[in-house]
Amino acid sequence: MSKSLKLFLGISYIIILLAFLYLIFSYVQINRLDDFLYYKEMQIELEKTIGQNLYINLLIFFLFCLIWITLLGFGSPLLLISGILFGKWIGTFISVLSISLGALILYSIANFFFKDLVKTLLEKRFLKYIHLFRKNEFVYFLMFRLTGGLGIPFGPQNILPVIFNIKKSNYFFASFLGFIPIFFIWNTIGSGLNNYIKQEDNFSFINLLLNREIYLPIILFLIVMSISVVIKKKIFDVIN
């Protein structure tokens, strides 16, 4: 790829990302972020908006996730938002589907345009895993997703499989299945936050943590993370 094309794509990415950030923050009153009443007002308005046309809002959120993840955006904020907007069940489904597809698009773009660059930057560091993925790329990439991508940030985590040359079908379905446990937990927390804001008149961090809809998914999150550490040590850390 020519330097001019890489420069064009890089500048385009920055412009689109800044436009998204501006769009998001233009609807947020920064000076009221410490006002609990402001969140109650937002919660009421969001429920009204979502309730008026659920399917259109699901489509908007789906498309936003696709673009956001394709632009190397973080995944965790989307999971909380989907739980707040749509509840834990619908939120989990729409976030798993949209983020899996967004990650696949990002992987496809990186594999087509930046394959050599990704290999130059990452292949030496993860060389020891290449033969492992070649044994059964679906199973090992599923384990990779279940372990949170070995601690790699979400954006680079979606690009890393370029060095393993994983089939797109295996990439998508391994991502979809691997995302479900942790995505469900984040969406449950988001749904719990929404219910807490709806029920309470004043914010209390202690009451929030003692809320069953908050502490149970946090405990489940810690359990899943512990299992992920075991899987990581048994499968990935044994390779030297």
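The values are calculated or read from the model by the stated rules, or taken from the named source; none is laboratory data. What you see is a predicted model, and the numbers here were worked out from it, not measured in a lab. Note: ideal-geometry Cβ built from the backbone for every residue, glycine included; neighbour counts use all protein chains shown.
If you go through the range 121-155 and pick out every residue that is assigned to a helix (DSSP H, G or I), free of Cβ contacts under 8 Å to residues at least 24 places away in the same chain and closer than 18 Å to Leu72 by Cβ, you end up with 3. Among the residues of the range 182-227, write down those that are among the hydroxyl-bearing types (Ser, Thr, Tyr) and modelled with pLDDT of 80 or more. Within the range 182-227, Thr188, Ser191, Tyr196, Tyr215, Ser226 qualify. Considering every residue within the range 176-192, establish whether at least one is crowded, with 18+ Cβ neighbours inside 10 Å, β-branched (Val, Ile, Thr) and not in a helix (DSSP H, G or I). No, every residue in the range 176-192 fails to be crowded, with 18+ Cβ neighbours inside 10 Å, β-branched (Val, Ile, Thr) and not in a helix (DSSP H, G or I). Is it fair to say Ala110 is small (Gly, Ala, Ser), part of a helix (DSSP H, G or I) and over 16 Å from the mean Cα position of the chain (by Cα)? Yes, satisfied.
Selection over the range 15-36 of residues that are surrounded by 12 or more Cβ atoms within 10 Å (Cβ to Cβ), in a helix (DSSP H, G or I) and either more than 22 Å from the chain's Cα centre (by Cα) or at pLDDT 75 or above (or both) gives a count of 2.
Scanning the range 187-240 for residues that are small (Gly, Ala, Ser) and more than 18 Å from Leu78 (Cα to Cα) yields Ser204, Ser226, Ser228. Scanning the range 65-89 for residues that are crowded, with 17+ Cβ neighbours inside 10 Å and without any contact (Cβ under 8 Å) to a residue 24 or more places away in the chain returns a single hit, Leu78.
Per this entry, Ile159 is counted among residues that are at pLDDT below 90, crowded, with 21+ Cβ neighbours inside 10 Å and under 22 Å from Ser228 (Cβ atoms). Give the residue, chosen from Thr92, Thr147, that is buried (at least 19 other Cβ atoms within 10 Å of the Cβ), under 22 Å from Val230 (Cα atoms), touching a helix residue (DSSP H, G or I) at 6+ places or on another chain (Cβ under 6 Å) and polar (S, T, N, Q). None of the other options fit; the residue is Thr147.
In the range 193-211, the residue that is surrounded by the fewest Cβ atoms within 10 Å (Cβ to Cβ) out of those that are of a type outside the set (Phe, Trp, Tyr), in a helix (DSSP H, G or I) and free of Cβ contacts under 8 Å to residues at least 12 places away in the same chain is Ile206.
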